[in-house]
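Please read the structure below before turning to the comments.
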Amino acid sequence: MLDLRPNCEYCDKDLPPEAADARICSYECTFCAACVEHVLLNVCPNCGGGFVPRPIRPKTERRPGVSLGRHPASTQRASLKYDRAELAEFARSVRDVKPEDR
Ligand SMILES: [Zn+2]
Ligand SMILES: [Zn+2]
């Protein structure tokens, strides 16, 4: 199940579960759309993979036992493990390889 992490690892913007601009990689590294587009260049700094929009977990329990209320979002904020200069170099070195070929 997705963690639904509460913030962008790069700029620390709040990304509540309903945020339409939350992006995740296959490991659920979580960033805002602006950072993915303008800073990360669709390269996850932690794993080198690409990003997709994070699905929004429904608030309303339309089927028994499944809803945001039943499975709340994580409250554990994450922050970047790499310095910004190193990250920029990493993104530049990977950006031109399509995610499917990384
Ligand atoms: Zn951000
Ligand atoms: Zn990642």
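The values are calculated or read from the model by the stated rules, or taken from the named source; none is laboratory data. Small disclaimer: the values here were computed from a predicted structure and weren't measured. Neighbour counts run over all protein chains shown; Cβ positions are idealised from the backbone, glycine included. Each accessible area value is taken on the protein alone, full model and side chains, heavy atoms only, with ligands, DNA and RNA left out. Shrake-Rupley method; radii C 1.70, N 1.55, O 1.52, S 1.80 Å.
Points to keep in mind about this one:
- By the rule of a C-alpha distance below 25 Å, with chain neighbours fewer than 8 residues away ignored, the lysines paired with LYS13 are LYS59, LYS81.
- Accessible solvent surface per residue of the chain, calculated while the other protein chains remain in place, 1.4 angstrom probe, Å²: 62 Å²
- Of the solvent-accessible surface of the chain, computed with a 1.4 Å probe over protein heavy atoms with every protein chain present, carbon and sulfur atoms account for 51 percent.
- For the chain, radius of gyration divided by Kirkwood radius, i.e. Rg to Rh on alpha-carbons: 1.02
- Helical contribution to [θ] at 222 nm, DSSP H n ≥ 4, -39,500 (n - 2.57), averaged over the chain, rounded to 500: -3500 deg cm²/dmol
- Nearest 10 degrees, 0 to 90: helix 84-94 Cα axis against the chain principal axis: 80 degrees
- Protection proxy ranking of 17-30, 87-100 - average other beta-carbon atoms within 10 Å, highest first: 17-30, 87-100
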